[in-house]
1. If you scan region 75-93, which residues turn out to be out of contact with any Ser or Thr (no Cβ under 7 Å at 6 or more places or on another chain) and closer than 20 Å to GLU142 by Cα?
2. Just to be sure I understand, how many residues within region 91-112 are surrounded by 10 or more Cβ atoms within 10 Å (Cβ to Cβ) and outside any loop (DSSP other than H, G, I, E, B)?
3. When TRP135 is evaluated against the numbered criteria (1) at pLDDT 60 or above; (2) under 30 Å from THR92 (Cβ atoms); (3) surrounded by fewer than 10 Cβ atoms within 10 Å (Cβ to Cβ), which criterion, by number, is the only one it fails?
4. Mind checking which pairs have a first residue in region 116-144 that is assigned to a loop (DSSP other than H, G, I, E, B) and a second that is of a type in the set (Val, Ile, Thr) and at pLDDT 65 or above, Cβ under 7 Å, 6 or more apart or different chains?
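The values are calculated or read from the model by the stated rules, or taken from the named source; none is laboratory data. Bear in mind that the values here come from a model prediction, so they are computed numbers and not experimental data. Heads up, the Cβs are rebuilt from the backbone with ideal geometry, glycines too, and the neighbour counts pull from every protein chain shown.
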Amino acid sequence: MSALEAGPVTAPAPDPRVRPTVKAVAAPTPRIRRVPFLLLLAGILGVGMIGLLVLNTTLQSQAFESRTLNQQAALLTNQQAQWQTRVDGLRTPATLVHKALQLGMVPNPRPAYVTVPQGKILGKPHKVSASLPSWIAKTAGEIRAAKAESARLTAQAQAQAQAQARQAAQKANPSGKPSGRPSPAPSRPAGTGGGG
């Protein structure tokens, strides 16, 4: 027989002699109120945002300091390179010769050598006079200064020669009247051409 054919099942009737036992029910657990929970979450988010802001500001200031220090390092590197170039220029043989000559030192074309461990002298030492040898090369600045001085002296000599020629002409013709002779053409410095 099937359950449908049997009909509805009814619960047995309670026995009036049996008393139901009463049990104490535990107090319901208190639910967290929504307002303090939301305030707690907002506080945590606020503290996190402030922390991120402080961290970002600190990183930005450190990046600025790093950039400034890198610029200073690059500047100091350039200065070091300039000083090194200058030192290398001062170490050249031509500069050393020039400085030695300024100090009154004279090169010895026939030097003698001393061997250090034995103390022997190789070659015959010769005393050197204080005259400047002709084979010493001059610096470009010294050459320019010498040329300028030579040009100045040449121009000064020509000006004196012209002044003497005028004085001689005035002595020869004290009246100031022109003579039948043409006056000599002024002399030109050597190397200047009048033609094109």
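1. Within region 75-93, ARG86, LEU90, ARG91, THR92, PRO93 qualify.
2. Summing the residues that are surrounded by 10 or more Cβ atoms within 10 Å (Cβ to Cβ) and outside any loop (DSSP other than H, G, I, E, B) in region 91-112 gives 8.
3. Evaluating TRP135 over (1) at pLDDT 60 or above; (2) under 30 Å from THR92 (Cβ atoms); (3) surrounded by fewer than 10 Cβ atoms within 10 Å (Cβ to Cβ) leaves (1) as the failure.
4. Close Cβ pairs satisfying both conditions: VAL128/VAL106; ALA130/VAL106; ILE136/VAL97.
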